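Everything on this sheet refers to the single structure shown next.
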Amino acid sequence: MSREEVAKLLEAHRNQWDKLQTQSETLGPLIWEDFPWPMFKRPKGPDDLTAPGIIAYMLSPIHPQDRGTKERIKDSIKKWHPDRFQLHLQKVKADEWEKVNEGGGSVTRILTDLLRAQDTL
């Protein structure tokens, strides 16, 4: 992906999170594709959520520089953490629920491992 494409994707993901967080009452049933999975290549399911893909996304130098890497990782963990993510899961279509729940759990584990690795640097 070009620098411009990455910047557009990051902005689209921010907008998707904003929509999920501010318009959750008006959104219809959610599906896998409604979530801004933290990867450059859109995953089709939980098996596509890989540590290398998520790490490359999170450590991209194209992210806005208003937050440090650790803060950005912590912010993402908060979004994907089961306690908060549960609010979104309530809106997920029944036949997509397990897939989305598994994906959210995978993202949280990978981000937590990444944060621990950052703490050792």
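The values are calculated or read from the model by the stated rules, or taken from the named source; none is laboratory data. What you are looking at is a predicted structure, and each value in this text was computed from that prediction instead of being measured. All Cβ positions, glycine included, derive from the backbone under ideal geometry; neighbour counts span all protein chains shown.
For the reader, a short list of remarks on this structure follows.
- Test for Leu10: is it buried (at least 17 other Cβ atoms within 10 Å of the Cβ) and under 20 Å from Glu96 (Cβ atoms): no
- Residue check for Lys79: crowded, with 17+ Cβ neighbours inside 10 Å, charged (D, E, K, R) and closer than 15 Å to Val107 by Cβ: yes
- Restricted to the range 16-65, and to residues there that are among the small types (Gly, Ala, Ser) and surrounded by fewer than 13 Cβ atoms within 10 Å (Cβ to Cβ), the residue that is modelled with the lowest pLDDT is Gly28.
- Breaking point among (1) at pLDDT below 95; (2) surrounded by 13 or more Cβ atoms within 10 Å (Cβ to Cβ), for Asp119: (2)
- Taking the range 21-45 as the range and being assigned to a helix (DSSP H, G or I) and either more than 21 Å from Arg84 (Cα to Cα) or under 12 Å from the mean Cα position of the chain (by Cα) (or both) as the test, the residues that pass are Trp32, Glu33, Asp34.
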